[in-house]
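Remarks on the structure that follows.
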Amino acid sequence: MRTCASYKGEQIIAGLRNLKLPALLLEVGLIAALIVAFWFPDPARIQALWLLVPVLILRLLVTRRLTAEPVSALMYLVFIALAMWNVSAAPYTYGDYISGRAIMGAMVAISVTAWARTLGSLTPLVWLLLALGALVGVLGVGSAQFTSKSSQMQFLVDLMPVVRGFPGAERGFNVNEIGGALAWLAPFAAGMMIVAWRDRLTPLLRWLAVSVFALLALGLFLGQSRMAILGTVIALAGLFAVLIPQGRWRWIAFALLALFAAVQIGVVARIFTTADDAQALATRDEASFEARLRIFGSVIDILRDHPLSGVGINQLRSRPVRALYPVEGYPVGGQILPHAHNEILHMGADMGLPGIALYLAWNALALWHLWRGWRDGVPFARGVAAS
């Protein structure tokens with residue numbers, strides 16, 4: 001027979017399960033507080049990870065599960081474990097708090113996935129990603145450290161607002177680093193723009209998607225991260241082919257994309273500048289290409305010496321690593337080497353071959369889920385998956 005206490009306990013749990021929305025709002029608030037804490041580069045922020053305890057308890061009580069998708073969650077947990085092991089195994093590290101970034105990022109991703117299952121809708125997550133795109137777009141046009149490769153658009157750069165003082169990047173962002181974020185988000189905004197207009201969704205969503213895509217595209221064009229632009233153009237071509245129905249609008253979309261590509265080719269070919277400036281830009285581009293090959297070689301040397309751990313999370317640019325694995329043109333104490341210019345190699349520099357293996361497996365799993373969403377989803381879900 002059940003005791004009175006156990007019966008009351010069951011009643012309480014049943015009551016909590018009827019409070020999905022309030023519990024979800026509380027969880028969103030706790031996750032938002034965690035993000036704000038990690039907004040600032042202070043080692044003490046690791047204490048904010050205690051906010052995850054009530055998050056997990058709430059989710060377990062309300063939904064009877066900790067994660068929405070076990071395999072993805074398992075990979076996040078492997079990533080967290082690998083990051084924590086990396087702190088002790090890698091030859092260079094900031095300290096224990098660096099693994100807090102991995103825990104924070106993984107738990108935010110797990111929570112966002114769980115929210116979709118709790119709400120039974122992708123729409124709130126679309127709004128969330130578009131809001132993130134708006135933030136990154138503002139930083140892309142106002143906080144990028146524009147280089148000489150943007151000189152042909154200087155008249156536009158001068159019109160952009162200046163956004164400085166971002167925590168951890170007070171002087172702005174390297175155009176290639178911010179370009180990588182823009183290249184992930186611009187196709188998503190474009191896809192949601194197409195879906196919102198094609199399916200006559202709410203006007204606010206339509207115009208938000210248009211505005212965010214325009215802002216992200218402008219940031220990409222002004223920053224002139226060439227590989228980011230190339231990847232975005234290819235992604236947009238694919239989106240136009242699968243999301244826009246046959247007819248006039250598809251031809252218009254491809255025509256506009258071809259026009260943008262032609263202008264970009266002209267910028268790369270330096271036809272919008274004087275002969276002297278064109279020669280200077282050609283010299284700069286050649287030096288940049290050669291520098292990337294040297295950077296790749298430096299990372300390969302790191303992997304050869306530290307195959308299981310890399311040099312440590314976020315340590316590629318540190319002075320000791322630069323001294324041991326020098327790259328011509330980036331002397332210790334001089335110009336900072338911002339990143340490996342390749343996500344797979346950078347993961348290897350940070351976390352060794354296990355990090356590369358996990359990163360590739362993670363991407364393969366993401367592609368599998370997107371394919372399932374495209375194959376089995378309703379039209380809106382198919383649009384989200386393609387985007």
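Any read-out appearing in this document is the output of simple, stated calculations on the displayed coordinates, not a laboratory observation. Keep in mind that this is a model prediction, so the values were computed, not measured. Positions of Cβ are backbone-derived with ideal geometry, glycine not excepted, and every protein chain shown enters the neighbour counts.
What you get for the chain, charging only the Cβ of Lys and Arg (+1) and of Asp and Glu (-1), is a dipole of about 1280 debye around the Cα centre. Ranking 222, 115, 35 by Cα position along the charge dipole of the chain, where only Lys, Arg, Asp and Glu carry charges on their C-beta atoms, puts 115 farthest toward the positive end. Maximal additional length on extending the residue 125-residue 324 stretch stands at 67.3 nm, based on 0.36 nm per residue less the C-alpha distance.
The string of couplings for the stretch 212-227 from the Karplus curve (6.51, -1.76, 1.60, θ = phi - 60°) is 5, 4, 4, 5, 5, 5, 5, x, 4, 5, 5, x, 6, 7, 4, 5 Hz, one whole number per residue in order, with x for Gly and Pro. The value obtained for the stretch 288-387, namely the Cα convex hull volume divided by the number of residues, is 111 Å³ per residue.
In a fully extended conformation the segment linking residue 296 and residue 261 would gain 9.8 nm over its present Cα-Cα distance, using 0.36 nm per residue.
Model label points for residue 304 and residue 211, set 7 angstrom from Cα along the Cα-to-Cβ axis, are 5.3 nm apart.
Annotation: amide H of residue 166 within the under-5 Å range of 172, sequence separation 5 or more or interchain, hydrogens built in the peptide plane. Across the chain, the longest piece that holds none of the trypsin sites (Lys or Arg not before Pro) lying in DSSP loops with up to 11 other C-beta atoms within 10 Å covers 201-387. Could you work out how much longer the chain between residue 138 and residue 28 gets when fully extended? Use 0.36 nm per residue separation minus the Cα distance between them, nm to one decimal. Computed gain between residue 138 and residue 28 is 37.2 nm. For the chain, the longest principal axis of the C-alpha atoms and the axis of helix 175-198 are separated by about 60°. A Förster radius of 35 Å, combined with the Cβ-Cβ distance separating residue 57 from residue 164, puts the computed FRET efficiency at roughly 0.30.
In this structure, residue 252 and residue 357 have a Cβ-Cβ separation that, at R0 = 41 Å, corresponds to a calculated FRET efficiency of about 0.40.
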